[in-house]
Structure formats: C-alpha cells, structure tokens
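Bear in mind that the values in this text are calculations on the coordinates, not laboratory data. Computed from a predicted model, the values in this text were never measured in an experiment. All Cβ positions, even for glycine, are placed from backbone atoms using ideal geometry, and neighbour counts span all protein chains on display.
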Amino acid sequence: MAFDRDIDESRQPIPLVIVEGFLGFAGAGLWGNFEEHINLPNSSSSKNRKTIFASVGPVSSLHDRACELFYALLGGTVDYGEEHAMIHGHSRYGRTHNHGLYPQWSIENPLHFLGHSLGGPTITKLQWLMKLGFFGSQYNPDMIRSISTISAPFRGTQLVYLLGERVDSAPSVRPFSIGSILAKSVHILSYFSPFLPSILDMHSDSRSLSMRHSSFMSFVKHLWHSEWAEGRDATPFDVTFGAADEREEMMEGLLNPATFYRSYAASITKPHASTASSSNSIYAVPLYLASLAMNSFDFSSLYPTPSFLSENQTTNKHPQNSHSTHDSWYANDGVVPVFSQWHPFSCRDTKCRHHTFDYTNHKALNMDKPEPGIWDVYTLDDTHHVSIAPLWFNTPRQQAFWQDFGRWLRDVDDC
Ligand SMILES: [Zn+2]
Ligand SMILES: [Zn+2]
C-alpha cells in the first residue's frame, strides 16, 4: 500500500505559485475560476494542479518581496539580509511564518511560478538571490522549474514618472502627485494596520510603521516625507528605467539553464501607431488614458539616459513581432511598455524566441517542445494590463489563455 501511495505522490503535477503585482493583495478571490481552465482538458484519472497564492508586500521593493516570497513558501522568519537592512535602514528580520506554504520545496520538489506585473520581476529577483546563495548554498535556482510572467515591468515603465517619480532625480517624488498620495495612503494603512483587515496588509513589519511600534509624531513625519516611498528600497524606484539598468549591469536576470521561461506581453496600442485600439470595457478607461499618456512620453527627459534608448532601433531580431523595437517603447498595456514585458535585457543580450498567441484557435503559435534556458515570449494584442489577470471576467480570451498555459505546464512537467 505504501508503494502505491508513493507512485500516486510522484504523479502529482508540480504546484504553481502565483505572485501578484503592485498593490496586489486580493489573492484567489479575485483571480477567480482560472484553475478549472488550467486543468482542462484533463482526464478523470489526472490530478488537478495545486495553486499557491503567496502574499508579499504590495508596495515593497523587489528584494523585500523576493525574501518574503521565499520564507512564505518554506516557512521561517523573513530575513532580508544584514547588509541590505543596514543600507536601507530597516530591520533585518520580518514576520515569522510558522507553517510554510510548501515546506518540501527543493530540487526534487520544484515549483512553477507565475507573476502578474511586478510579480514577474519578483520571481526573477528570487531566482537571482538563490543563484547568489543569498538564502544559503542549499537553495538552488533549479528549485524553480518554470517562470511565467504576464505584463511584467522587467525593464521599467514610463508610467512611474507620469505618476510622480522625478525624471531627473528618482527616487524623489513630485509633491501632490498621484505617487505622493499613494505613498501617504500606504503610511496611513500601515499605521492603522492593527485595526485593518488582512487584505490591506502592507507587509511593513520590518519598518515599524504601525501604531504599536511608531509614535504619532513619527507617523506625521512619514506623511510629510516618506523615506520608504522616496527611497531606493520600494516599488516605485524598482520600476524606473534607471533601477532596471542597475539590475542588468549586475547581470541580474540571467537565464538559469534548467528553468523554463515564458512571458506574455500585453498591448492595447495598435502596432506601428501611437493610438490606443478600441476599448472593450468601461472599467478599462483609466488604463486607456494611461496608455495614451505613455504613448506621448518624452524619453529624452530622463536622467540618467536609459540603456534601451541606445539599443539598435533599425534591426529586429524577431520579424514575427507585431511591434518593432522602437514601437515597443511606446506600445503598452496601460501600465508597462511592450519591450519591458518581454524579458530582462535586450533581445541581443539574452536568449529568446518571440511568438504570437492565436485566440481564435485557443493556442500559442510557433511553439515547439518546451526548452529550458530561453525566454518564449508571446505578444497578446488588444489586451490591457488586467485583461488576463488578476480579475476574472470569464471571457473566451481568459479561458483560452489559461487552457493554453495549463497545457504548457503539463508539457514542462513531462520534460
Ligand atoms: Zn528592504
Ligand atoms: Zn526577446
């Protein structure tokens, strides 16, 4: 009997960890019924794939989020690292997870990861830290079987400057900007956190911002000037083009030979044009307005000059791309420009294959057998930042996406 059980265990599909983006703390409730489609088509003898939602700081830096993700999965007290804590002026340790979400995580028991928006670079940061041995030499990047991302800002986004980040002196934020108001809101939520529901958890434990650990005067001081939001250890700075360049200079985001990579680049702008394509829903109006503002962003105003501006604009490694390199700076999904959603580094400096996704036939095209150590990039035209996730609309597009993604995960499981 014990032998039979062992066989059954070995047939369990590799679980999928979902990492949400900036201000993402909704979890499975909002993501909805995607699991049914991820397991389709499935025979009655096949087991459904387990999905795990890992809660990380909704406004925290990639480093802090990656550390929180690691300990949420394995259990234990979040350790941000002595040097990191000293540089950025917060406690080395965060909250303690008495029970990990997947304590058996190892090379023998790897995990698939899917990140929406900032969840994408959170996962690549986690893998990079594992490669560096940040958590200990026993934690190998091969423990990450696959990384898939939707609308991930790997190389930054101009939206952060439109919201308030200074173009010439990030991480400073313009007063009275949307970014400044957001920062104040985060401090208010953190200060009153003992009385607020867990869905508004800002994961600010290491910063002692709650009323249990902070004086009222200190709270007012943070409202006037947020050292967190206007520092280098927070989401806004991490999605600047300058921060992305710094990561690439450190070679952060290099491919791991044993991991499978897939990214989905959404766009609501017509290829080779600077106008947003037709809107398909009223709730998306803010995204379309943001998209138009991003279309007319003046990249030459940025200091330091982002590296992508000097990348070759005339040659394109991927003729099947619906967006040329230059267009892809402006084409966007309402939050992230297309080129930033592809992968870390330019196409010339990483390994990648760009494909199209055919909604009519409900499948990704031009796809051979899954291959590790290379980014398979899929462009999702006429798709905005939340068309696929984290909200569930039960559209044919969402169903097709999740069914195809489920097929791909099964193929990777079998590799
Ligand atoms: Zn930190
Ligand atoms: Zn590429």
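By the count of neighbouring beta-carbon atoms within 10 Å, fewest first, Ile87, Ile150 end up ordered Ile87, Ile150. Pairs of Cα atoms nearer than 8 Å and 6+ residues apart set the relative contact order; for region 45-123 it is 26 percent. Any of Lys125/Lys351; Lys125/Lys184; Lys125/Lys221; Lys50/Lys369 with alpha carbons more than 25 Å apart? Name them for me. Exceeds cut-off: Lys125/Lys184; Lys125/Lys221.
All other residues whose Cβ lies under 15 angstrom from that of Glu35 are scored, Lys and Arg at +1 and Asp and Glu at -1, for a net of +3. Close amide H pairs (under 5 Å, H built 1.01 Å from N) link His97 with Gly76, Thr77, Val78, residues at least 5 positions away or on another chain. As a length-normalised measure over Cα pairs under 8 Å and 6 or more apart, the relative contact order of region 42-188 settles at 17 percent.
Starting from region 136-205, pick out the chymotrypsin sites (Phe, Trp or Tyr not before Pro) whose DSSP state is loop and whose Cβ has at most 16 other Cβ atoms within 10 Å. Qualifying residues, ordered by number: Phe176, Phe192. Just need log10 I(q)/I(0) for region 173-229 at q = 0.14, 0.19, 0.31 Å⁻¹, Debye formula, equal scatterers on the alpha-carbon atoms, no solvent, rounded to two decimals. These q points yield log10 I(q)/I(0) values of -0.34, -0.62, -1.34. Working ranking of peptides 100-110, 68-78 by packing, defined as the average number of other Cβ atoms within 10 Å per residue, highest first, is 68-78, 100-110. Its alpha carbons give region 191-260 an Rg and a Dmax of 17.0, 51 Å. With neighbour counts taken as other beta-carbon atoms within 10 Å, the residues Leu118, Leu309 rank, fewest first, as Leu309, Leu118. Under a Cβ-Cβ cut-off of 12 Å, what is the net charge of the residues other than Pro58 that fall near it, where Lys and Arg count +1 and Asp and Glu count -1? Result for the local shell: -3. Rg and Dmax of region 104-195, both derived from C-alpha coordinates alone, stand at 17.7, 51 Å. As a rough footprinting exposure proxy, the listed residues Arg410, Arg174 were ranked by other beta carbons within 10 Å of their own, and the order from fewest upward is Arg174, Arg410. Look at the alpha carbon pairs under 8 Å that are at least 6 residues apart: their mean separation over the length of region 173-229 gives a relative contact order of 35 percent.
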